[in-house]
Every structure is written in C-alpha cells, then in structure tokens.
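A.B. asks: Before we start, here is the structure in question, set down as structure tokens.
The values are calculated or read from the model by the stated rules, or taken from the named source; none is laboratory data. Remember, predicted model here, so these are calculated numbers, not experimental data. In this analysis, Cβ positions are derived from the backbone assuming ideal geometry, glycine residues included, and neighbour counts consider all displayed protein chains.
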Amino acid sequence: MSVTDATPRRPVRKLAALAACVLLAAGCAKAGTAGTSAEAGGGDKSPVKVGLVYSKTGPLAAYGKQYLEGFKAGLSYATKGTGAVGGHPVEIAEQDDAGDPAKAVSAAKDLIGKNYKILAGSTASGVALQVGPIAAQNKVLFISGPAAADKVTGLNKYTFRSGRQSYQDTKAAASFIGDAKGKKVTVLAQDNAFGQANVAAVKDVLGGEGATVDAVLAPPSATDLTPFATQAKAAKPDLLFVAWAGDTASALWTSLNQQDVFSATKVVTGLDVAASYPLFGPAAEKIDFLNHYFSGAAGGTEAELAMNDFVTKNGSKSDLFTPDGFTAAQMVVHALEANKGSDADTDALVKSLEGWSFDGVKGKLTVRAEDHALLQPMFQVKLTGTGAAAKPTAEKVLSAEQVAPPVAKMAG
C-alpha cells in the first residue's frame, strides 16, 4: 500500500522547553526519567522525532485529548522538565486519525516516510490493530495507548501498549461475581473491535470459570439504544457486563434506566470519564464499577501528583486516559535513555522496554517481556452522589498479578 496524504498534516511542535516544570523527588530515574542536557556526550544535539497518531476528532476525541495531555505531562516528568534525552530534544508531530483505521495507517506511513522511528497513540482498538503491523513491517517502535483490544498484546515484537487491555477489565469485573459456575453473563457492547474484544475476554475469563456467556451487540452508529437495552433485560442474566465507549454513552444509560434494567440484574461496567458521572443518576449507587484510573485512584503516587500538577497548570484535569499518555512518554524516554538519546536502532529500543518495571501513575507497572502486556493494578469503584456531586471512591485495589492476562504468543 502506498503512502498517501489522506490525513491533514499538523506542524511539528517542539517540546524541548516546557513552561510548567515538575519538581521531582530523589531517585526518580527508576520511573523512566532522563537526565539534563549536561549529561549528553559529544556535539550531536539532533532532535528525536515521535509521531502521535490519535483521535483528535471523532467519537473518541475526549479520550484522545486526555491521552495527549498525559503524554505532555509524562514527557516533562520523565525528562525533568527539559523535554530532551541525552541532550536530544524530543519533538512530537500530531496526526488526527479521527478513529478511522484507514486514516491512521495513512498517517503512520506518512510519518515513517519522514523517518519517524517512534509512533504512539491509538485511542481506538481498530486503529491499533492496523497500525501495529505497519510498525512491524517498517521496524519502528509503536506504543499503543487507550486501545483495549487484547489482540494488541503479542501483536508483534515492535508493538507495546501504555494502557490496560480488555482481559484486565474482565478480571476486574469477575471480582464482583464470585463463583461464576452455573451463572449466566450477558455482555452489552458495541459491535466493533472494542466490543468484540470484551465479548471474547468475558467468554475466556468467566466462561472458563463455568459461566454461560452471551452478547447483545449494537451497531456503533446506533443512536436509539432502547431495543438493545430491552434485549439485555430479556436475557435475564445474573450479571450484565456493559462495555461501552464514546459519545452515545448517555443514550445507553438513559435506555437502561428507562427499561429498569438495574432492578432486574447485577450491572457491572467500566467507570468512564468524569463527564459521564452525572449520566448514571440515582442508579449510580446500584452499579458496580471496574476502573483502571480516575483522578486520585492511586492515592497520590509521585507520578500521579506530578501528572495532576502539570495538567492542572495547563488548564485541564486528569481523567480516565491521562495516565495512558503519561505512561507512553515514560516508555519513550526510557527507551531513548537506554540508547543515549538515539532512536537509530529500533531493536535496541524494543529490548530496553522488555521486562522493564517502573513507578507509574498507578504504582508499579511492568512491561512483560514475552508479549509486551502492561501489567498494572485495577480498581473496584463506587460512585456516590448525583449530578455534579457524583464522586468515585476506590473500594478495592486489585493487584497487577490478580488481573494479569495469560501470556500471548508473539505473532511476529
């Protein structure tokens, strides 16, 4: 496939001098922190270019915004505010894929054609599953972001992830049901890569524990979700697992409320972005939420405090996917730091990340060497209050080991 210009190009923005510097405690190198430019050897100060292909627009634009803000915060943190590694300024180029895999592939090829050796982003699972193979074909490092599809793990040796995956969501959901043997579980999701990945994960986890699993899948374009809420209720499950993303969430929860689904079955879902909290209304306290991050969930790790400080100073607030960007930047900086600020040897960048454990926003994170899964804690959460007063509280922390996915065979 030839490289095209289907995706509008945005100018490269140099982040070598970030205005809001984060004060770091001693010993932060273990969290993926590079030194100042004074550590650079030789006279070569050529920039390192990183391409971010993410959803600036489209149905997951809110997630993309959080990812970008987190990446900037993580870059500042990991480079001690210099925006450079070994004296090499890190430059980023943003490309908007609008959640469209074809646009993402075009953008990735465009960046690779301009000699970008490091790509990151992928807000949507369908995008990550298309960009990963392009990265492998061209031997560039690719760090997928919020995209949750399990197939991203082990996709190829050049593909990593900075967020959680569907299996980890499902293990967190399974913690609410206890013994799954003989129980019926229905998955309510969108009929896309994300939704299908959740169905597969629930069948793998809960089905493997003896539950009967079926699914109600809605077209991603559907706006009237009442028929799907009705189908979910009619299935009479012991557990309704809702896996939903994007700007139709409000319509979904309205439909579930109207069909009185919450009084008919136990409902478990992932806690979405803060803007979604009021959408649950009085039913919020009847729902069991799994979560991979909300602001304050980690209890104030050094990285979390630094991220929140940076994002707040830049006029925003940390949210569900801010850590995914932050973690991606930590990974990029660590890989470059291990290679003296050079991106010339992609295999060396890959090797430096495999098996790396570090202090992230949520605590200790580990990049599993065998398949590049990101091992991380998850949370059981309760949402109390209604409207603008709705607030999440972490009821239980599930360790990285408790929710770890099985090792995937590396595909390429």
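A.B. asks: With (1) outside any helix (DSSP H, G or I); (2) surrounded by fewer than 22 Cβ atoms within 10 Å (Cβ to Cβ) as the list, and Ala136 as the residue in question, which single condition is left unmet?
C.D. replies: In the conditions (1) outside any helix (DSSP H, G or I); (2) surrounded by fewer than 22 Cβ atoms within 10 Å (Cβ to Cβ), Ala136 misses (1) alone.
A.B. asks: Let me ask another. Give the residue, chosen from Ala400, Ala390, Ala394, Ala373, that is within 19 Å of Gly132 (Cβ to Cβ) and surrounded by 13 or more Cβ atoms within 10 Å (Cβ to Cβ).
C.D. replies: Working: Ala400 fails: within 19 Å of Gly132 (Cβ to Cβ); Ala390 fails: within 19 Å of Gly132 (Cβ to Cβ); Ala394 fails: within 19 Å of Gly132 (Cβ to Cβ).
Every option except Ala373 fails the conditions.
A.B. asks: Here's another thing I want to ask about it. Leu383 passes all but one of (1) surrounded by fewer than 21 Cβ atoms within 10 Å (Cβ to Cβ); (2) over 21 Å from the mean Cα position of the chain (by Cα); which number fails?
C.D. replies: If we test Leu383 against (1) surrounded by fewer than 21 Cβ atoms within 10 Å (Cβ to Cβ); (2) over 21 Å from the mean Cα position of the chain (by Cα), just (1) comes out false.
A.B. asks: Here's something else I'd like to know. Which residue out of Thr159, Thr248, Thr265, Thr186 is modelled with pLDDT under 90, on the phi < 0 side of the Ramachandran plot, of a type in the set (S, T, N, Q) and touching a Leu at 6+ places or on another chain (Cβ under 9 Å)?
C.D. replies: From the options Thr159, Thr248, Thr265, Thr186, the qualifying one is Thr248.
A.B. asks: In region 246-272, what residues are touching a Pro at 6+ places or on another chain (Cβ under 8 Å) and among the hydrophobic types (A, V, I, L, M, F, W, C)?
C.D. replies: Leu271
A.B. asks: Could you please find all residues in region 285-295 being in a loop (DSSP other than H, G, I, E, B) and without any contact (Cβ under 8 Å) to a residue 60 or more places away in the chain? Explain how you work it out, then say what you get.
C.D. replies: Just the residues of region 285-295 that are in a loop (DSSP other than H, G, I, E, B), to begin with: 287, 292-295.
Listed by number, the list holds a single entry, Ser295.
A.B. asks: Out of all the residues in region 64-83, which are crowded, with 24+ Cβ neighbours inside 10 Å, of a type outside the set (Val, Ile, Thr) and either more than 20 Å from Gly315 (Cβ to Cβ) or modelled with pLDDT under 95 (or both)?
C.D. replies: Ala78
A.B. asks: Please state which of the following conditions Ser342 fails to meet, knowing it meets all the rest: (1) within 25 Å of Gln376 (Cα to Cα); (2) in contact with a strand residue (DSSP E or B) (Cβ under 9 Å, 6 or more places away or on another chain).
C.D. replies: Here Ser342 clears every test but (1).
A.B. asks: Please count how many residues of region 349-370 are crowded, with 16+ Cβ neighbours inside 10 Å and touching a Lys or Arg at 6+ places or on another chain (Cβ under 7 Å).
C.D. replies: Count: 3.
A.B. asks: Output yes when any residue across region 209-225 is of a type outside the set (A, V, I, L, M), assigned to a strand (DSSP E or B) and assigned by TED's automatic domain parsing to the domain that holds Ala284, and no when none is.
C.D. replies: yes
A.B. asks: Can you name every residue in region 86-116 that is among the aliphatic types (A, V, I, L, M) and assigned to a strand (DSSP E or B)?
C.D. replies: Val90, Ile92, Ala93
A.B. asks: Here's something else I'd like to know. Being assigned to a loop (DSSP other than H, G, I, E, B) and within 10 Å of the chain's Cα centre (by Cα) is the filter; apply it to region 139-148 and report the residue that is surrounded by the fewest Cβ atoms within 10 Å (Cβ to Cβ).
C.D. replies: If we take residues in region 139-148 being assigned to a loop (DSSP other than H, G, I, E, B) and within 10 Å of the chain's Cα centre (by Cα), then Ala148 is surrounded by the fewest Cβ atoms within 10 Å (Cβ to Cβ).
A.B. asks: Looking at region 166-187 only, could you name the residues that are closer than 12 Å to Val242 by Cα, part of a strand (DSSP E or B) and not aliphatic (A, V, I, L, M)?
C.D. replies: Of everything in region 166-187, just one residue is closer than 12 Å to Val242 by Cα, part of a strand (DSSP E or B) and not aliphatic (A, V, I, L, M), namely Thr186.
A.B. asks: Write out, first by first residue and then by second, each pair whose Cβ atoms fall under 8 Å of each other, whose residues are 6+ apart or on separate chains, and whose first residue, in region 78-97, is within 27 Å of Leu60 (Cβ to Cβ) and assigned by TED's automatic domain parsing to the domain that holds Val332 while the second is surrounded by fewer than 22 Cβ atoms within 10 Å (Cβ to Cβ) and of a type in the set (Val, Ile, Thr).
C.D. replies: From residues that are within 27 Å of Leu60 (Cβ to Cβ) and assigned by TED's automatic domain parsing to the domain that holds Val332, the pairs are Ala78/Thr33; Glu91/Val12; Ile92/Val12; Ala93/Val12; Asp96/Thr57.
A.B. asks: So Glu304 clears everything in (1) touching a residue at least 60 places away in the same chain (Cβ under 8 Å); (2) in contact with a helix residue (DSSP H, G or I) (Cβ under 9 Å, 6 or more places away or on another chain); (3) part of a helix (DSSP H, G or I) except one condition, right? Which one?
C.D. replies: Among (1) touching a residue at least 60 places away in the same chain (Cβ under 8 Å); (2) in contact with a helix residue (DSSP H, G or I) (Cβ under 9 Å, 6 or more places away or on another chain); (3) part of a helix (DSSP H, G or I), the lone unmet condition for Glu304 is (1).
A.B. asks: Given (1) touching an Asp or Glu at 6+ places or on another chain (Cβ under 9 Å); (2) within 19 Å of Pro146 (Cβ to Cβ), identify the lone condition not met by Gly87.
C.D. replies: In the conditions (1) touching an Asp or Glu at 6+ places or on another chain (Cβ under 9 Å); (2) within 19 Å of Pro146 (Cβ to Cβ), Gly87 misses (2) alone.
A.B. asks: Of the residues that make up region 279-294, is at least one within 21 Å of the chain's Cα centre (by Cα) and small (Gly, Ala, Ser)?
C.D. replies: Taking every residue of region 279-294 in turn, none turns out to be within 21 Å of the chain's Cα centre (by Cα) and small (Gly, Ala, Ser).
A.B. asks: For Leu240, state whether it is surrounded by 23 or more Cβ atoms within 10 Å (Cβ to Cβ), part of a helix (DSSP H, G or I) and in contact with a strand residue (DSSP E or B) (Cβ under 8 Å, 6 or more places away or on another chain). Walk me through it before giving the result.
C.D. replies: Details: surrounded by 23 or more Cβ atoms within 10 Å (Cβ to Cβ): yes; part of a helix (DSSP H, G or I): no; in contact with a strand residue (DSSP E or B) (Cβ under 8 Å, 6 or more places away or on another chain): yes.
Criteria not met by Leu240.
A.B. asks: Moving on. I'd like the residue in region 313-348 that is farther than 15 Å from Ala78 by Cβ, of a type in the set (A, V, I, L, M) and surrounded by fewer than 24 Cβ atoms within 10 Å (Cβ to Cβ) and, out of all such residues, is modelled with the highest pLDDT.
C.D. replies: Ala348
A.B. asks: Oh, and also: In region 309-330, which residues are farther than 21 Å from Leu374 by Cβ, among the polar types (S, T, N, Q) and out of contact with any Asp or Glu (no Cβ under 8 Å at 6 or more places or on another chain)?
C.D. replies: Residue satisfying the conditions is Thr312 alone.
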